[in-house]
Amino acid sequence: MRTILIEPTENPKVMKFVADYNLIPGSLELDRNSDISEIPLAQELFNYPFVERVFITANFVAVAKQDTVEWEHITENLKNVIEDELLANPRIYLQKKKELYEIYAEMTPNPNTMKFVSSKILMEGFVEVKSREQSEGVPLAQALFTEFDFAKEVFISDNFVAVTRDNSVEWHQVMMAVRGFIAEYLQTGGVISTIESQKHENPVEKIINRDYTENEQKISDILNEYVAPAVENDGGKISLMEYDESSKTARMLLQGACSGCPSSTATLKGGIENILKQFLPDLVERVEAVNG
């Protein structure tokens, strides 16, 4: 039996019902207009006409009531409902096997970065979080930073999450834990991002807010056709940031697993520079990296 503790809050309209385990990664804020078709607990609570809102996060459920009733008359009933529903669905959401996210881990050329690939598309485009302080608006990144002290950066694109670690751990020590956490976060309906994702077609527009020149577009087209697919397969992203016509130098923005990767410079010089010089010999003589 799940035991629930009742805790008043500073708001007299809100009561907390506290469990002895974490109910959900991230948080849920629901009202009577929310889609609760996959959340039996919310369905049961909203059967009570005096329940206005339900907030679920960490290890508690907070219920906001109307002023038409007093807590002393309803608290035990709500507590019983929550206990019963958590017994049936401990992780809040209905579990449907056909909707399970399958996550597998994949090494990248950057030894500090591991790519966690999903069986389902996570977003169209990508978001990059370079630090804990920059994670606002990306709940999945915030959850990873909260759960794992060693997480330094998070890059989410299409069907994968790339996580960059610090030097306090090795991936073989923590890979399974991160994979399991991401799988559970996604399966329980955790929000991935609330900010607009950057688009693959021309991410430089998001960075420096300008259109490509004709020559820059030619370079970008070659990158997108011959380079980007392999780089993205390794959990990273590369795009043209700047082109210096006088020195025929193309400066590349490296993101995700590519950013800070020890082999990225060699890849640029040995592969990408050669490709651009081969297809655009009159435009490109040198390639330089700018870590995102």
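Miscellaneous remarks
- Of 130/248; 120/152; 130/237; 152/199; 13/79, pairs whose Cα-Cα distance is over 21 Å: 130/248; 120/152; 152/199
- Difference of contour (0.36 nm per residue) and Cα-Cα distance, residue 21 to residue 59: 13.1 nm
- In this calculation the C-beta distance from residue 172 to residue 91 is compared with R0 = 30 Å, giving a FRET efficiency of 0.60.
- Percent antiparallel among DSSP beta bridges (both partners in the chain, rounded to 5): 90 percent
- For the chain, a simple Cβ point-charge model (Lys and Arg +1, Asp and Glu -1, everything else neutral) yields a dipole of about 540 debye relative to the Cα centre.
- Net charge of neighbours whose Cβ lies under 12 Å from the Cβ of residue 54, counting Lys and Arg as +1 and Asp and Glu as -1: -1
- Residue-span extension gain [residue 123 to residue 77] - 0.36 nm each, minus C-alpha spacing: 12.5 nm
- Cα lying deepest toward the dipole's positive end in the chain, options 250, 40, 164, charges on Cβ: 164
Quick note: the coordinates plus some simple rules give every number you see, no bench work behind them. Values in this document were obtained by computation on a predicted structure and should not be read as measured data. Glycine also receives a Cβ, built like all others from the backbone with ideal geometry; neighbour counts cover every protein chain displayed.
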